Amino acid sequence: MANKKNGLVCSMCGTTDSQLNPVVKVFDGLNLCTDCIKFIEEARDSQLKTSEKKTKDDASISGAVPKPKAIKEFLDQYIIGQDEAKKYLSVAVYNHYKRIAQDKDTDDVDIEKSNIILVGPTGTGKTLLAKTIAKLLDVPFAIVDATVLTEAGYVGEDIESLLVRLLQACDYDVAKAEKGIVFIDEIDKIARKSDNPSITRDVSGEGVQQGLLKLLEGSTVLVPPNGGRKHPEQKMIAVDTKNILFICGGAFDGIERKIAARLNTHVVGYGHDEEGRKRQRENLMRYVMPQDLKSFGLIPEIIGRLPILTSLEPLDKTALRKILVEPKNAIIRQYKKLFLLDGVELEFTEDALDLIVDKAVEYKLGARGLRSIVETIMVDAMYEVPSDPIKTFTVDAAYVADKLEKAHFEKTQLSEK
C-alpha cells in the first residue's frame, strides 16, 4: 500500500499524495498530481498539433494556388486556343481557394462559391481543361460521368456516389476531400427529356438534376465508401460539399437550334449580309445563355447553382494543326518518344501533317480524331520498325494517304456520317 508523503490532495481528481502518484503544489490553491499534469500536457500538445495542421493547411491553400494569369499560362502549355474558357476557369479556381482561405472573423461578408458549366462540341477540350487543372493544383480532383447516375431506388448509382472518387483521390481524408474539385462530364445527358408531363418517371434526367441540387449548393451528405447504391447496414461517410468546386461539362448537341431561334438567325434565304450570317451560324455556341440551357432541358434550379457559363469554340484547321505538334503532350511528340525508346528517330513532313489535319476537318472528328487518324497511319510502322535495324523513319503525305486507303479509313468514316 502506498504511503502518504505530505497530505496534499489533487485539485482536479481528488487523489491524495502518494509515492505512486505524487501531488505537487503549483501555487496557492492549486495542487496537481502527476497523472493530471501528464494529461494536461498531452491535451496541450494535441491542441498545438491541431492548430499547426490547420495553419499549414490554410497556408497551403492560399499559397499553393497560383494567380489566375499563372494558371492560364500553364493551361496554354497543354491546350491550344479556348482563351475565354481558360480565363473563366482560372479566375473561378483562384477565387474558390481564396474564398476557402479567407478569415471568417474579419467581417460578415460571406463569399459564395461559383460552380462552372462548360458548353462546347465534342473534342474541343472540356475534359482536358479539367485534367490539366488537376496537374497544376495540389488538391483532390475527380472526374465523374453523369450518365451513370439515376434517381434513388433505380438501377444505376446514387447521386452521392460521385463523391466517392474524390475521397479515393485523397485516400479517404474527408477534410482534404471537402476542399477538392469535381468535374461532372456529360451533364447534358441528364437533361429533361420533354416539357410535357408524363406518367413515367424521368429517373436518369430530371430526377438526377433534383438530386444534384444539394451537392452543388453545399450540404452535408452521406456517401457510401465503395460507391454504388446505399445499403441500410453500410457505414456512411459524411462529406460537407460547401467548399467543393463543381465544374460541369457537356456537348449539348443541338442547342445551336435553341440559340438560333432566340437570336432569330435565319438558316435559309438571301441577304446583303449573307457572309456575316454564315459566320454567326458557324459558332452559335459563343452566344449561349442560361435560357438556352433551360430550353435544352436543364431545370432552372440547377442552372442557378452553376452561375459561371462559358463556351468552347469549335476547332478549325489552324487550331488542329497546332494541337498536333505544339502542346507538351502533343500526339506527334508522343509517337516520336515511342520510337525514340527503340532508338529510332521519327519525322513527319509538313505535307503529311497538313493531310492529317485535312482529314480531321473533313470528317469533323475534332481533336480526338487526330489521334485515331495518326494511330491508323502508324500501326504498321509500330509493328515493323522495332524489329528493323533502322535509325530514322520518315512519314510523308504519300505514306499517310496509302495507309488510310489500305485501312479503309475513308469508307468507314463516310458510313458513319
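The values are calculated or read from the model by the stated rules, or taken from the named source; none is laboratory data. All values reported here derive from a predicted model rather than from experimental measurement. Please note that ligands, DNA and RNA were not included when accessible areas were found on the heavy atoms of the full protein model with its side chains. Shrake-Rupley method; radii C 1.70, N 1.55, O 1.52, S 1.80 Å.
Using a probe of 1.4 Å, the accessible surface attributed to Tyr78 totals some 40 Å² when neighbouring protein chains are kept in position. Across segment 159-166, computed HN-Hα scalar couplings (Karplus, 6.51 cos²θ - 1.76 cosθ + 1.60, θ = phi - 60°) run 4, 5, 5, 5, 7, 4, 5, 5 Hz from first to last residue, x flagging Gly and Pro. Taking Asp380, Asp138, Asp316 and ordering them by how much accessible surface each has at a 1.4 Å probe, largest first, produces Asp138, Asp316, Asp380. Roughly how many whole Å is it from the C-alpha centroid of segment 80-141 to that of segment 301-378? Value for the Cα centre distance between the two parts: 24 Å.
Phe141 contributes about 40 Å² of solvent-accessible surface, heavy atoms of the protein only, 1.4 Å probe. If I ignore ligands, DNA and RNA and count only protein heavy atoms, how much of Lys131 is accessible to a 1.4 Å probe, in Å² to the nearest 10? About 110 Å², rounded to the nearest 10.
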